[in-house]
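The values are calculated or read from the model by the stated rules, or taken from the named source; none is laboratory data. Just so it is clear, the model here is predicted, and its values are computed rather than measured. Because the Cβ atoms are built from the backbone with ideal geometry, glycine has one as well, and the counts that use them run over all protein chains shown. SASA here: full protein model, heavy atoms, side chains in, ligands and nucleic acids out. Shrake-Rupley method; radii C 1.70, N 1.55, O 1.52, S 1.80 Å.
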Amino acid sequence: MAAHDLFVLRPFEGLPGEPDWVALRELVPAATATARTTAEHGSRDVVVTTVLPNGWPALHRADGTVLVALQTGTSSGDASRDVATALLLALDAEPGTAIEHTGLPTPGPRLQDVLDLDVSFEVTVQESFAYWLDPSTEVTPELGAAIEEADAGIIDTRRLAAVGSAYWCRMGAREYVRWAQGEDEQVVLDGLARLHGRRESGFDGAKFIGYFRAAGIVVPVWELARGSEAEDVEGPLAQFAPALAAAMADTAPLDANARRARAGLVARQVTLR
């Protein structure tokens with residue numbers, strides 16, 4: 001089978017922090033995260049990022065830092081192999097080299113093969129794309145203007161501490177929580193349906209409005225009371241989390257209300273990519 005024919009539903013499954021990998025690929029505008037290659041690939045520290053200038057897949061910065069982007073076009077049906085291809089090209093490139101194109105990857109290693117899976121995926125949401133630059137770079141007026149222009153497109157986003165892989169964001173005059181789930185899709189949907197059927201799918205100041213499907217996982221979305229800040233959500237979300245966990249752990253058949261709720265959820269879900 002040709003490389004471009006192989007479709008992987010959950011390309012980041014098996015990586016530490018899979019839901020955060022998906023969030024950085026699909027939902028978060030500007031963020032970085034930590035990773036390291038295996039000893040076979042030099043035990044190199046890598047900065048995983050949402051995007052790079054001009055849509056570059058990867059960059060070997062002049063100071064030796066290697067960055068690889070997640071929000072790039074997919075050449076094959078396996079985003080993990082696409083990103084791994086860009087990463088390996090960047091590792092082999094001279095400092096100061098941008099990987100502008102990777103072409104169609106041939107069968108080869110995936111991120112799961114290239115990265116040390118014992119290194120946690122620690123996410124830092126960024127407020128500016130200034131991290132693209134080597135700290136020693138002189139920021140000329142032209143360069144500063146380019147960064148400022150890129151920053152203008154950043155949606156205000158915060159990673160929440162109350163639970164894993166949940167992100168508060170402000171879009172226009174509205175605020176939302178988007179919480180990427182690592183459990184099997186059917187488990188998450190059944191759990192959400194149980195709560196929604198009992199009218200318990202919201203939490204203090206938050207209304208459950210649906211979910212995205214992204215890179216094979218489910219990302220439920222709650223709309224918040226107008227003007228809610230990220231810190232306002234931490235406590236209520238922490239209190240709600242055990243109820244969602246219990247609903248997902250429940251293996252009993254769905255009752256009539258939950259079945260109706262599930263059908264409604266599936267009918268209005270949105271698939272990203």
Normalised by the empirical 2.2 N^0.38 Å for globular proteins, what value does the Cα Rg of region 134-236 take?
1.37
Between residue 243 and residue 259, what length in nm is gained on full extension when 0.36 nm per residue of separation is reduced by their alpha carbon distance?
3.9 nm
Work out from phi, with θ = phi - 60° and the Karplus expression 6.51 cos²θ - 1.76 cosθ + 1.60, the ³J(HN,Hα) of each residue of region 43-51, listed in order in whole Hz, and give x for Gly and Pro.
6, 8, 5, 10, 9, 8, 10, 5, 9
Taking the Cα atoms of region 1-131, report the difference between the largest and smallest coordinate on each principal axis, in whole Å and largest first.
41, 31, 30
Mean Cα-pair separation over length for region 17-77, i.e. relative contact order, pairs under 8 Å, 6 or more apart, %
27 percent
How much length would be gained if the chain were fully extended between residue 100 and residue 154, taking 0.36 nm per residue of separation minus their Cα-Cα distance, in nm to one decimal?
17.2 nm
A student asked for the Cα radius of gyration and Dmax of the chain in angstrom ought to give 19.9, 64
On a full-extension model of 0.36 nm per residue, what is the gain between residue 200 and residue 171, subtracting their alpha-carbon distance, rounded to one decimal in nm?
7.9 nm
Could you work out the helix-only [θ] at 222 nm for the chain, with each DSSP H run of four or more residues adding -39,500 (n - 2.57) and the total divided by the number of residues, to the nearest 500 deg cm²/dmol?
-9500 deg cm²/dmol
Under 12 Å by backbone N from the virtual spin label 7 Å along Cα-to-Cβ at residue 185, the residues of region 192-219 are 212-219
If packing is taken as the mean number of other Cβ atoms within 10 Å per residue, what is the order of 7-15, 94-102, highest first?
7-15, 94-102
In Å², and per residue, what accessible area does region 152-273 have when probed at 1.4 Å with the other protein chains present?
48 Å²
How far is helix 141-151 tilted, in degrees, relative to the longest principal axis of the Cα atoms in the chain, given as a value from 0 to 90 rounded to the nearest 10?
20 degrees
Mind pulling the per residue volume of the convex hull built on the Cα atoms of region 225-273? Å³ is fine.
154 Å³
Cα coordinate range in region 136-178, projected on the principal axes (Å, largest first):
40, 26, 9
For region 84-170, radius of gyration divided by Kirkwood radius, i.e. Rg to Rh on alpha-carbons:
1.02
Computed D for region 62-115, Stokes-Einstein, Kirkwood radius over alpha-carbon pairs, 10 °C, 1.306 mPa s, to the nearest µm² per second, is 138 µm²/s
Computed FRET efficiency, Cβ-Cβ of residue 113 and residue 250, R0 41 Å: what is it to the nearest 0.05?
0.70
Pick from 133, 111, 237: which residue has the top mean-square fluctuation in a GNM of the chain where Cα pairs under 10 Å get a spring?
133
Candidates 117, 59, 27: whichever shows maximal mean-square fluctuation once the chain is modelled as a Gaussian network with Cα springs under 10 Å
117
